[in-house]
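The values are calculated or read from the model by the stated rules, or taken from the named source; none is laboratory data. Keep in mind that this is a model prediction, so the values were computed, not measured. Cβ sites come from the backbone with ideal geometry, for glycine too, and all protein chains shown count toward neighbours.
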Amino acid sequence: MERIEIDYQGKSLTIETNHIAKQANGAVLVTYGDTVVLVAATAETKDANMDFFPLTCVYQVRTYSQGRIAGGFIKRERMPSELEVLASRIIDRPLRPLFTEGYSRETQVIATVLSYDKAANPISASLLGASAALVISDIPYETPIAGVSVGRINGEFIVNPSPQQLEESDMDLFVVAKKDAIVMVEGESKNISEEDVVEALDFAHEAIKPLLKIQLELREKFGKEKIKVSPPEENKELTKAINKKAKKSLEKALTIPTKIERQIAIREVVKELCEEMIADDADYTEGDIKDAVHKLEKEIIRRNILTKKQRIDGRSFTEVRPITCEIGILPNTHGSALFTRGETQALIATTLGTKDDEQMIDDPSGTYFKRFYVHYNFPAYSVGEVRRMAAPGRREIGHGNLAERGLTNVLPDKELFPYTIRIVSEITESNGSSSMASVCGGSLSMMDAGVPISSPVAGVAMGLVTEKDKTAILTDILGDEDHVGDMDFKVVGTSEGITALQMDIKIDGLSTDLIKDALDQAKDGRLHILAEMNKAIEGARDTIAGNAPRFIQYKISPSKIRDIIGPGGKVIKGIQAETGAKLEIDDSGIINISSADQKSAEKALALIREITQDVEIGTIYEGTVKKIVDFGAFVEILPNTQGLVHISEIAKDRVSKVEEVLSEGQVVTVKAIGFDKRGKLKLSMKAVE
């Protein structure tokens, strides 16, 4: 067993190898505080012969890592939680572009959390372990990376803040970097400025450097010799022939602004080349020609951008595609919107529910309930394709989560708006950044539903094309620009600041100066989109939809809770059965009354007030005689509230026997006149006269 140990941010950090999982190409055990993660990197022994790099990254948390057994009938860990899916994406995205060019073996990186310490970020430890396992393995991966979470409390940045600290923090960013550049960013914030984001990235980069150093030491001591990879050989004759025969046709096709027409024109170019060249030379396959055409297509798009300042659809670098916003288009939903930006379109529905509709989350971070969630659907027809219908994949979960994080920080407090809110984004067309369309449409549909959000929210995707000394930052990128470009940087926010962001790159890294330029340009794009959205609706509707649940919130004394619930829940069940409303009560005495119509809710409220109201001395009540005794009668004037009418208080004239005047079940009018020495209520019929 070999190990290296350092002190990192006040906690012990250890990486050890050659101890566990020794048959993997590379494996490390990372211990950070009380978090322990085993990461194994394994590769097949031959090339996969696929048109993409078959890398799989998995983050999994065992329930025993927290000293518990999984709930439910099945005790084995089952499908990954949403947190595990998102963490797997965080590991995959920064690693993928950094493998040696030409490497194509199927590769798997599995991070298993064996001991889970919330205060010692397991995702950060897992990414560190993934990079370290690859760096010391024989897999052709050379560049150490690492990631940390960044929070900020009272202006002070914190590395890997605890869950308790995050509750006070105005940002939660996960930043991944290598020695000289940022390679990935993801997170949310509370309307922070672009300058604050850049400052946080610089802080994170400095915090990451010790994690890179320990990996270099590990490789120096224990690293294996790397598998030799030959860069893909270019068929120069084929490239030359394709350029000669198809360059002009492709250049023309790549000026067609409409996606489908452009794709048809490119397919026609490929078809003509195949018919001509395969017939002439059997050494060329259709796949070879398609690959060569794609390479030329990429070169033309990038050259046009960098040298001619020309994008595919003719826009300037800072121009946003035409936007249309429609609201209230689905009559039976509580709120709806159709957001269209160019050839990207999202149909959004907002549904309001009660506390029963909150989503229970049981994942590695603990068990809790969510009152706001966004679901994102990406059907094949949105890109003109046919494919098997399947459950939401990592992409759908990731895009939905990004939209959710961008919208969360403008939601009203639960006390002001006690509804559970579900947003569903149906992507009906896609040609660049459907997740940002989901943010815009989600904001519109919530306002249409009457959700009093603090500010409208919009999102925009930024792209980058860079070669040597030439750089172009693109606002609102097309799908093709994303495909051939070097960056996909999504920025979400209000007119005041940023609420979420996500950045992935395909190059070695980005300087914070370039990131700042992209953020500034994104702000201009975001403000333009918000102005277009405001033309449809500027703020939340004054009322919610007629078919939405009605809420009344009422506060009672905690001492009265038992009166509302009753023995075995008899009282609260009776109120619900009589009114049709649903009652939810917490330990502080806040009662949420929900109903499909206002009258039922108001009736339930009247019954609650009747049960919980306190007796006011000097007030006259109608009550029922419950019990007669020699010295008077006990009369119930409020539910569960009785007082004594002493025999001397029954009438002005002397009463010798109570039964001569009163009987059990009789309704009488009494006045509350005070309390006796034991605090018992005193009533008087005589005082009413």
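Taking the range 361-449 as the region of interest, the strands (runs of 3 or more DSSP E) fully inside it that hold 3 or more residues being at pLDDT below 95 are 366-370. Would you check if there is a residue in the range 344-355 being closer than 19 Å to Ser594 by Cβ and touching a helix residue (DSSP H, G or I) at 6+ places or on another chain (Cβ under 9 Å)? Scanning the range 344-355, I find at least one residue that is closer than 19 Å to Ser594 by Cβ and touching a helix residue (DSSP H, G or I) at 6+ places or on another chain (Cβ under 9 Å), so the answer is yes.
Selection within the range 472-499: residues that are in a strand (DSSP E or B), among the hydrophobic types (A, V, I, L, M, F, W, C) and within 24 Å of the chain's Cα centre (by Cα). The member of this set that is farthest from Glu194 (Cα to Cα) is Met487.
Rundown of residues vs (1) surrounded by fewer than 17 Cβ atoms within 10 Å (Cβ to Cβ); (2) outside the structural domain of Gln66 (by TED's automatic domain parsing); (3) under 28 Å from Ala518 (Cα atoms); (4) touching a residue at least 60 places away in the same chain (Cβ under 8 Å), yes/no style:
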| position | (1), (2), (3), (4) |
| --- | --- |
| Arg89 | no, no, yes, yes |
| Ala111 | no, no, no, yes |
| Ser115 | no, no, no, yes |
| Ala133 | no, no, no, yes |
| Gly147 | no, no, yes, yes |
| Ser162 | yes, no, no, no |
| Lys178 | no, no, yes, yes |
| Gly187 | no, no, yes, yes |
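Every test in (1) surrounded by 15 or more Cβ atoms within 10 Å (Cβ to Cβ); (2) not in a helix (DSSP H, G or I) is passed by Lys290 save one, and that test is (2). Residues in the range 101-152 that are in contact with a Pro (Cβ under 7 Å, 6 or more places away or on another chain), within 22 Å of Lys46 (Cα to Cα) and aromatic (Phe, Trp, Tyr): Tyr103 alone. In the range 564-582, is there at least one residue being closer than 30 Å to Asp170 by Cβ, without any contact (Cβ under 8 Å) to a residue 24 or more places away in the chain and surrounded by fewer than 16 Cβ atoms within 10 Å (Cβ to Cβ)? Checked the range 564-582: no residue is closer than 30 Å to Asp170 by Cβ, without any contact (Cβ under 8 Å) to a residue 24 or more places away in the chain and surrounded by fewer than 16 Cβ atoms within 10 Å (Cβ to Cβ).
For Arg321, indicate whether it is closer than 30 Å to Glu467 by Cβ, at pLDDT 90 or above, basic (Lys, Arg) and under 25 Å from the mean Cα position of the chain (by Cα). No, not satisfied. Among the residues of the range 384-439, those identified as farther than 16 Å from Ile348 by Cβ and small (Gly, Ala, Ser) are Gly384, Ala390, Ala391, Gly393, Gly398, Gly432. Restricting attention to the range 250-271, the residues that are crowded, with 16+ Cβ neighbours inside 10 Å and closer than 14 Å to Val293 by Cβ total 8. Residues in the range 264-287 that are assigned to a helix (DSSP H, G or I), within 22 Å of Phe52 (Cβ to Cβ), without any contact (Cβ under 8 Å) to a residue 24 or more places away in the chain and β-branched (Val, Ile, Thr): Val270 alone. Taking the criterion of being within 27 Å of Glu106 (Cβ to Cβ), of a type in the set (A, V, I, L, M, F, W, C) and either surrounded by fewer than 16 Cβ atoms within 10 Å (Cβ to Cβ) or not assigned by TED's automatic domain parsing to the domain that holds Ala207 (or both), the only residue of the range 1-27 that qualifies is Ile20. Residues of the range 330-360 that are in a loop (DSSP other than H, G, I, E, B) and closer than 29 Å to Tyr381 by Cβ: Leu330, Pro331, Asn332, Thr333, His334, Gly342, Glu343. Here Ile278, Ile327, Ile300 are screened, and the one residue that is of a type in the set (A, V, I, L, M, F, W, C) and under 35 Å from the mean Cα position of the chain (by Cα) is Ile327.
A residue that is in a helix (DSSP H, G or I), in contact with a strand residue (DSSP E or B) (Cβ under 8 Å, 6 or more places away or on another chain) and surrounded by 24 or more Cβ atoms within 10 Å (Cβ to Cβ) cannot be found anywhere in the range 457-471. Among the residues of the range 654-669, is there at least one that is out of contact with any Ser or Thr (no Cβ under 9 Å at 6 or more places or on another chain), surrounded by 17 or more Cβ atoms within 10 Å (Cβ to Cβ), assigned to a helix (DSSP H, G or I) and modelled with pLDDT under 90? Within the range 654-669, one or more residues are out of contact with any Ser or Thr (no Cβ under 9 Å at 6 or more places or on another chain), surrounded by 17 or more Cβ atoms within 10 Å (Cβ to Cβ), assigned to a helix (DSSP H, G or I) and modelled with pLDDT under 90.
Among the candidates Met50, Met79, the residue that is closer than 27 Å to Arg105 by Cα, part of a loop (DSSP other than H, G, I, E, B) and under 27 Å from the mean Cα position of the chain (by Cα) is uniquely Met79. Taken together, Arg96, Arg78, Arg62 contain a single residue that is surrounded by fewer than 17 Cβ atoms within 10 Å (Cβ to Cβ) and in contact with a Cys (Cβ under 9 Å, 6 or more places away or on another chain), which is Arg96.
Residues in the range 324-353 that are over 30 Å from Val465 (Cβ atoms) and small (Gly, Ala, Ser): Gly328, Gly335, Ser336, Ala337, Ala349, Gly353.
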